[in-house]
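Here's the structure we're looking at; comments come further down.
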Amino acid sequence: MSSAEDLLKQALSLRTSDPTKAEALYKEVLATTSSADASTSERDQALRHQETALVSLGELYRDQKNAKGVSEVINLSRSFMSSTAKAKTAKLIRTLLDFFTPIPNSNQAQIEALQDNIAWAKQEKRIFLKHSLETRLVGLQLESLQYKAALALIDTLLTELKRLDDKMILTEVHLLESRVYRGTGNLAKAKAALTSARTAANSIYCPPHLQAQLDLQSGILHAEDKDYTTAYSYFFETFENLNAQDDPGALGALKYMLLCKIMLNLPEDVTSLLSVKLATKYAQLPDVESMRVVARAHQNRNLADFEKALKDYQKELSSDPTIRTHLSALYDTLLEQNLLRIVEPYSTVDIEYVAQQVGQGRQAVELKLSQMILDQVLHGVLDQGRGCLLIFDQPESDNTYGAAIQTLAQIGKVVDSLYAKTVKIA
């Protein structure tokens, strides 16, 4: 049994009880170099031990939530990667980068590690590794809302990928481009990028996970256009796909499906949807329960319950920008409906009374009423001196002018006809 094997076994036994000692042992294995007269099999075995030590040391730092330590391991791996196959290198660096995921607030450390490794891959002329790392960097910049930096990197990436005709990464980058443009609010470019992603995906075998991401983005963009029926069908495809792979992203797709039902004014369908076999295992989770509570509040047209749901399930409902945006629009609609219901019986009503009835501040109610008057949803006027709302009957449309214009148009035709006949007679 070699010394490196002994050290690895000893480090493994100490990982829980004495992580500092285990760390030192892993570093000792990494520092070991093969002798000049060592055989090929001995060198290969030494490289395998170093690879094991690198991954184990990364796992140790991951368990300790040490983002800086993971960055150091990635930097340590460069000397090892220089002497291994390029495919193995890419797999190892992806494995090490995945260790950042469970570490909270590690995005910045991960971005810096990626930028360092992109520079190294460029220097070593490892083009495919560089593209893979740059794609990952764009995803992180998107999460960190660094849209400008992400778009600049995407432009460079697309130029290089089109030259190499790498359809798989091209599909991923176009999908990221669509998500970035959607984040900036440019829906036209987001749709164009998604179309490019689908075009690239159609010419290759598209893995189920990537197909699910394309469907999810399609659903999100249709929901932005208020086409919730089409959006629902895309979210359902995504949910089925991810659920079959036991992917945690299936929960997000299910939440979007429930959101579509609520936005389509079909809150009663939420309960029946959650009784479907595929959805039953998610039915009791807080994320799903939050959507059920919102659906119930919407069904009852109860603004107080809706606000309570938003407050009680703030994490579940506010962390996702898509759900947050659409529920905000739904809240406005619900508030509008409640205000119309309250003021409908009156010709003059005190604004303070309306505010008390809907459980909102006077200023917020006044602002919403003025907006409704401007949008011609409500016919009336705000008397700020008296602090009341004067409501008028809905004006009946007067067709006199329209009828007069139509009559003149017909007279014009008659005169033209008579003139044409006169010319013929003459």
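The values are calculated or read from the model by the stated rules, or taken from the named source; none is laboratory data. What you are looking at is a predicted structure, and each value in this text was computed from that prediction instead of being measured. FYI the Cβ positions are ideal-geometry reconstructions off the backbone, even for glycines, and counts take in every protein chain you see. Note: areas computed on protein heavy atoms with side chains; ligands, DNA, RNA excluded. Shrake-Rupley method; radii C 1.70, N 1.55, O 1.52, S 1.80 Å.
In the stretch 156-172, the residues that are in contact (Cβ under 8 Å) with a residue 24 or more places away in the chain reach residues that are open to solvent by 80 Å² or more (accessible area, probe 1.4 Å) and of a type outside the set (A, V, I, L, M) with C-beta atoms within less than 8 angstrom, at least six apart or across chains, in these pairs: 166/128; 170/162.
Among 283, 304, which is the only one that is of a type in the set (Gly, Ala, Ser), at negative phi and touching a Ser or Thr at 6+ places or on another chain (Cβ under 9 Å)? Don't jump to the end; show me each part of the working.
Details: 304 fails: touching a Ser or Thr at 6+ places or on another chain (Cβ under 9 Å).
Every option except 283 fails the conditions.
Of the residues that make up the stretch 368-387, is at least one within 30 Å of residue 228 (Cα to Cα), in a helix (DSSP H, G or I) and of a type in the set (D, E, K, R)? Yes. For residue 250, are the conditions met, namely being in contact with a Cys (Cβ under 6 Å, 6 or more places away or on another chain) and among the aliphatic types (A, V, I, L, M)? When the stated conditions are applied, residue 250 does not pass them. Scoring residue 352 on the criteria (1) crowded, with 16+ Cβ neighbours inside 10 Å; (2) in contact with a Lys or Arg (Cβ under 8 Å, 6 or more places away or on another chain) leaves a single failure, condition (1).
Does residue 245 satisfy being under 28 Å from residue 166 (Cα atoms), over 16 Å from the mean Cα position of the chain (by Cα) and free of Cβ contacts under 8 Å to residues at least 40 places away in the same chain? Working first, answer last.
Numbers: under 28 Å from residue 166 (Cα atoms): yes; over 16 Å from the mean Cα position of the chain (by Cα): yes; free of Cβ contacts under 8 Å to residues at least 40 places away in the same chain: yes.
Answer is yes for this residue.
So for the stretch 323-335 (the condition being part of a helix (DSSP H, G or I), more than 29 Å from residue 357 (Cβ to Cβ), free of Cβ contacts under 8 Å to residues at least 40 places away in the same chain and more than 15 Å from the chain's Cα centre (by Cα)), does at least one residue qualify? No, there is no match, as no residue in the stretch 323-335 is part of a helix (DSSP H, G or I), more than 29 Å from residue 357 (Cβ to Cβ), free of Cβ contacts under 8 Å to residues at least 40 places away in the same chain and more than 15 Å from the chain's Cα centre (by Cα).
With the structure loaded, tell me whether residue 374 is within 30 Å of residue 332 (Cβ to Cβ), loosely packed, with under 10 Cβ neighbours inside 10 Å, without any contact (Cβ under 8 Å) to a residue 40 or more places away in the chain and aliphatic (A, V, I, L, M) or whether it fails that test. Considered against the rule, which asks whether it is within 30 Å of residue 332 (Cβ to Cβ), loosely packed, with under 10 Cβ neighbours inside 10 Å, without any contact (Cβ under 8 Å) to a residue 40 or more places away in the chain and aliphatic (A, V, I, L, M), residue 374 comes out as yes. Inside the stretch 116-130, can you point out the residues that are open to solvent by less than 90 Å² (accessible area, probe 1.4 Å), of a type outside the set (Phe, Trp, Tyr) and more than 18 Å from residue 162 (Cα to Cα)? Within the stretch 116-130, 116, 117, 118, 119, 121, 124 meet the criteria. Does the stretch 21-43 include one or more residues that are at pLDDT 75 or above, over 16 Å from residue 77 (Cα atoms) and either of a type in the set (Phe, Trp, Tyr) or open to solvent by 80 Å² or more (accessible area, probe 1.4 Å) (or both)? Scanning the stretch 21-43 turns up at least one residue that is at pLDDT 75 or above, over 16 Å from residue 77 (Cα atoms) and either of a type in the set (Phe, Trp, Tyr) or open to solvent by 80 Å² or more (accessible area, probe 1.4 Å) (or both).
Could we say that residue 110 is polar (S, T, N, Q) and either open to solvent by 30 Å² or more (accessible area, probe 1.4 Å) or touching a His at 6+ places or on another chain (Cβ under 8 Å) (or both) here? Taking the combined requirement at face value, the residue does not satisfy it. One residue stands out in the stretch 235-289 among those that are of a type in the set (Ser, Thr, Tyr) and in a helix (DSSP H, G or I): the one that is least open to solvent (accessible area, probe 1.4 Å), namely 238. Checked against the criteria, residue 334 does not count as more than 20 Å from residue 264 (Cα to Cα) and hydrophobic (A, V, I, L, M, F, W, C).
Put simply, of 365, 415 the only residue that is out of contact with any Gly (no Cβ under 6 Å at 6 or more places or on another chain), in a helix (DSSP H, G or I) and open to solvent by less than 50 Å² (accessible area, probe 1.4 Å) is 365. For the subset of the stretch 339-348 comprising residues that are open to solvent by less than 30 Å² (accessible area, probe 1.4 Å) and out of contact with any Gly (no Cβ under 9 Å at 6 or more places or on another chain), which member is nearest to residue 298 (Cα to Cα)? Only one residue tops the list, namely 339.
Quick grid of which residues meet (1) surrounded by 15 or more Cβ atoms within 10 Å (Cβ to Cβ); (2) within 18 Å of residue 254 (Cβ to Cβ); (3) among the aromatic types (Phe, Trp, Tyr):
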| site | (1), (2), (3) |
| --- | --- |
| 291 | yes, yes, no |
| 300 | no, no, no |
| 317 | yes, yes, no |
| 321 | no, yes, no |
| 324 | no, yes, no |
| 329 | no, no, no |
| 357 | yes, no, no |
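Residue 295 - would you say it is buried (at least 17 other Cβ atoms within 10 Å of the Cβ) and modelled with pLDDT under 90?
Details: buried (at least 17 other Cβ atoms within 10 Å of the Cβ): yes; modelled with pLDDT under 90: yes.
When the stated conditions are applied, residue 295 passes them.
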